[in-house]
1. Residues of region 92-114 being in contact (Cβ under 8 Å) with a residue 60 or more places away in the chain and charged (D, E, K, R), which ones?
2. Hey, can you tell me all the residues within region 123-161 that are touching a strand residue (DSSP E or B) at 6+ places or on another chain (Cβ under 7 Å), at pLDDT below 95 and exposed (fewer than 15 other Cβ atoms within 10 Å of the Cβ)?
3. Can you list the strands (runs of 3 or more DSSP E) found entirely within region 64-161 that contain at least 1 residues being in contact with a His (Cβ under 7 Å, 6 or more places away or on another chain)?
4. Filter region 64-96 for residues that are aromatic (F, W, Y) and under 12 Å from the mean Cα position of the chain (by Cα); which is surrounded by the most Cβ atoms within 10 Å (Cβ to Cβ)?
5. Y58 is checked against (1) under 24 Å from T109 (Cα atoms); (2) in a helix (DSSP H, G or I); (3) without any contact (Cβ under 8 Å) to a residue 24 or more places away in the chain; (4) not charged (D, E, K, R) and fails just one. What number does that condition carry?
6. Please verify whether region 88-97 includes one or more residues that are at pLDDT below 95 and of a type outside the set (A, V, I, L, M).
7. For a quick check of your reading of the model, give me the residue pairs whose first member lies in region 29-45 and is among the aromatic types (F, W, Y), whose second is in a helix (DSSP H, G or I), with beta-carbon atoms closer than 8 Å and at least 6 apart or on different chains.
8. Name every residue in region 68-86 that is modelled with pLDDT of 95 or more and touching a strand residue (DSSP E or B) at 6+ places or on another chain (Cβ under 6 Å), in order of residue number.
Amino acid sequence: MKYLVNLCCALLMLVACSKQPDNNSEAHKAAMKRFETMINTADSNIAKELVADDAPFYTPASLTPLYGGEGYLSVVHWMRQSFPDVQWKLEEMVAEGNVVAVRWTLSGTHESEFMGMPATGKHFSTSVMNFYYFNDEGKIINDIAAEGMIGILRGIGALDK
């Protein structure tokens with residue numbers, strides 16, 4: 001699975017490198033660097049700056065979409081309930097037009113129940129990939145995530161390797 005994510009990232013990088021970057025792409029990449037700070041610090045001010053209020057986010061943390069920066073940060077808070085040291089590290093990104101693809105390393109220690117599984121004390125580290133869409137004002141309006149839950153569940157021992 002990790003190799004598939006890396007292959008997809010490499011292909012996206014090749015496509016992006018074959019074109020001249022535009023100013024919007026560079027601005028969106030800069031925004032993603034701030035976004036990394038936002039999710040690792042749960043900074044609601046940065047969230048308001050970077051995420052459109054009406055942007056819907058779909059997540060295992062909620063049966064209904066969550067909206068805006070506060071909605072996005074509620075997922076961060078949900079993860080921190082089980083993994084207090086959870087961190088996202090931006091590894092690679094490719095931007096074209098209003099879309100940025102990011103490969104993250106997500107890591108943390110399973111200290112409290114997660115999706116019904118009691119704490120194991122195990123540390124996990126997994127690759128996840130997201131596609132972020134920006135509006136004309138430079139705010140994130142959508143986030144489509146490649147499924148990273150498998151890596152978390154394997155890392156904490158909920159699934160066989």
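1. E92, E96, R103
2. S125, I144
3. Output list reads 87-96, 99-109, 123-134.
4. Among those that are aromatic (F, W, Y) and under 12 Å from the mean Cα position of the chain (by Cα), it is Y72.
5. (2)
6. Within region 88-97, one or more residues are at pLDDT below 95 and of a type outside the set (A, V, I, L, M).
7. Once the first residue is among the aromatic types (F, W, Y) and sits in region 29-45, its partners that are in a helix (DSSP H, G or I) give F35/I46; F35/L50.
8. Selection gives G68, G69, S82, F83, D85, V86.
The values are calculated or read from the model by the stated rules, or taken from the named source; none is laboratory data. Nothing here was measured: the structure is a model prediction, and the numbers come from that model. A quick note on method: Cβ atoms are made from the backbone with ideal geometry, for glycine too, and the neighbour counts reach across all protein chains shown.
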